[in-house]
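As structure tokens, the structure follows; a few thoughts come after it.
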Amino acid sequence: MKILFTFYNPSGGMETLNRIRCEALAARGIECHLLYTHPGEGQKNIRNIPVHIIRSDEALLNLLTAHAFDLIVVCTDIDLAVRIRQHGYAGLLVFELQGLGQIEEARMVIADFSARIRQYTDALLYPETAHLQQLLMEHLPEMPHFCFDDPVGLAHFEYTAYPARKYPVLAWVGRLQKNKNWKEFLQLGLQLLHIQPQLYLWMFQDDTLFDPEEKAAFEQFVAETGLASRLILYSNVPHEHMADYMSIIGDSGGLLCSTSILEGFGYAVAEAMLCRCPVLSTDSDGIRRMVIHNMTGKIYRVGQIPDAVSAAVSLMFDQPLRASIRKKGEQHIRRNLSPELYVTRFLKMYRTLAAKAGTR
């Protein structure tokens, strides 16, 4: 069996998702390829998986001709799905959605894509995220829907003990874009510095992907508030090292804060929990699959910074609660979001679609 996964570029959560599921499927003897239409910094994370960076129709046709893919999963890029069909691919084609920003944007995108999804693809795949479920059922109720959690973690992505930092760390992972809500993170950090002056803020990002207006606003905010002396920016950290960083943050007495307005899944949150790093998150929909308030993490309503401050202080200073959340968070991810469980669900989807195609 041979599968092709596609996306625009290897970066962020999609790069992580594609790599994890390819490795998990390969463990079951399934050959997987990756297709991206643009290069990206995340490509350096990928090993032992064929990666094709293709933009031209000629190169796409050559790839489809050279490999008889049993299944192609196209994430978000409806134009690519159309091109694949127009080049003669007659096999199973699943259209995947992982997150489309804020709800208004998601609604417009799905409305725009619906006719082409219906015409050119065989099924829909998406994580268990309420707003995606609702919008896709509204616009494409007649199509087969497959909805299950993304996989988290590989064999060596786990907690590792390091010498503890002499200061706690408040961390954030994302891009300088409106939906990621970076300003709320910095506002929270400013408030917490009054309570814990030794605190440092660590921000992990891909500095090749950002909204220019948001980046300018970010730089202005940092300059005006004097945060630069307590802020450390990390760009394009190799994914295999993120487990080390999350372990260090957890052992520092700090936490990861996710401030997104809306998330389809949220890999940074899941990976932090896997590495025993406590998480404080906005109630951003897809995050609910991981963060159970006061059990596996803490949740606050976006914009409610006083509540976020109170929750962060509790996570930092209530040691029994902190220890419990670190333990239960890791257990929750291992039990419910394992790559093996994902592969079982994914292959069940394939068999269902293959059986249906065989009766046509």
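Given the options L188, L201, L192, name the one that is open to solvent by less than 40 Å² (accessible area, probe 1.4 Å) and over 24 Å from the mean Cα position of the chain (by Cα).
On inspection, the qualifying residue turns out to be L192.
What tally of residues in the stretch 53-73 results from selecting those that are outside any helix (DSSP H, G or I) and in contact with a strand residue (DSSP E or B) (Cβ under 8 Å, 6 or more places away or on another chain)?
9
Touching an Asp or Glu at 6+ places or on another chain (Cβ under 8 Å), at negative phi and of a type in the set (G, A, S) - does that describe any residue in the stretch 209-225?
The answer is no, given that none of the residues of the stretch 209-225 is touching an Asp or Glu at 6+ places or on another chain (Cβ under 8 Å), at negative phi and of a type in the set (G, A, S).
It is to be established whether one or more residues within the stretch 74-87 are assigned to a strand (DSSP E or B) and over 19 Å from the mean Cα position of the chain (by Cα).
No, there is no match, as no residue in the stretch 74-87 is assigned to a strand (DSSP E or B) and over 19 Å from the mean Cα position of the chain (by Cα).
Under the condition of being part of a loop (DSSP other than H, G, I, E, B) and closer than 16 Å to I232 by Cβ, which residue from the stretch 143-185 is most open to solvent (accessible area, probe 1.4 Å)?
K166
Would you pick out the residues in the stretch 327-355 that are of a type in the set (A, V, I, L, M, F, W, C) and assigned to a helix (DSSP H, G or I)?
Passing the criteria: I333, L341, V343, F346, L347, M349, L353, A354, A355.
Would you check which residues across the stretch 1-59 are surrounded by fewer than 15 Cβ atoms within 10 Å (Cβ to Cβ) and of a type in the set (F, W, Y) and list them?
The one that is surrounded by fewer than 15 Cβ atoms within 10 Å (Cβ to Cβ) and of a type in the set (F, W, Y): Y8.
Using beta carbons and a limit of 9 Å, which pairs, at least six apart or on different chains, have the first residue in the stretch 338-360 and of a type outside the set (K, R) and the second one open to solvent by 20 Å² or more (accessible area, probe 1.4 Å) and in a helix (DSSP H, G or I)?
What qualifies is P339/E23; L341/R335.
With the requirement that a residue be closer than 19 Å to L199 by Cα and charged (D, E, K, R), what does the stretch 305-332 give you?
D307, D318, R322
Among the residues of the stretch 88-139, write down those that are charged (D, E, K, R) and either assigned to a loop (DSSP other than H, G, I, E, B) or surrounded by fewer than 16 Cβ atoms within 10 Å (Cβ to Cβ) (or both).
Selection gives E104, E105, D112, R116, R118, D122, E128, E138.
Restricting to the stretch 234-275, give me the number of residues that are over 21 Å from G40 (Cβ atoms), outside any helix (DSSP H, G or I) and open to solvent by 10 Å² or more (accessible area, probe 1.4 Å).
5
Of all the residues that make up the stretch 277-319, how many are in contact with a strand residue (DSSP E or B) (Cβ under 6 Å, 6 or more places away or on another chain), part of a helix (DSSP H, G or I) and open to solvent by less than 60 Å² (accessible area, probe 1.4 Å)?
Residues in the stretch 277-319 being in contact with a strand residue (DSSP E or B) (Cβ under 6 Å, 6 or more places away or on another chain), part of a helix (DSSP H, G or I) and open to solvent by less than 60 Å² (accessible area, probe 1.4 Å): 6 in total.
If M349 satisfies every condition in (1) within 30 Å of H194 (Cβ to Cβ); (2) of a type outside the set (K, R); (3) open to solvent by less than 20 Å² (accessible area, probe 1.4 Å) but one, which is the exception?
Just one mismatch for M349, condition (1).
The values are calculated or read from the model by the stated rules, or taken from the named source; none is laboratory data. Quantities reported herein were computed from a predicted structural model and do not represent experimental measurements. So basically every Cβ, Gly included, is an ideal-geometry build from the backbone, and we count neighbours across all protein chains shown. The accessibility values were calculated without ligands, DNA or RNA, using every heavy atom of the protein model including side chains. Shrake-Rupley method; radii C 1.70, N 1.55, O 1.52, S 1.80 Å.
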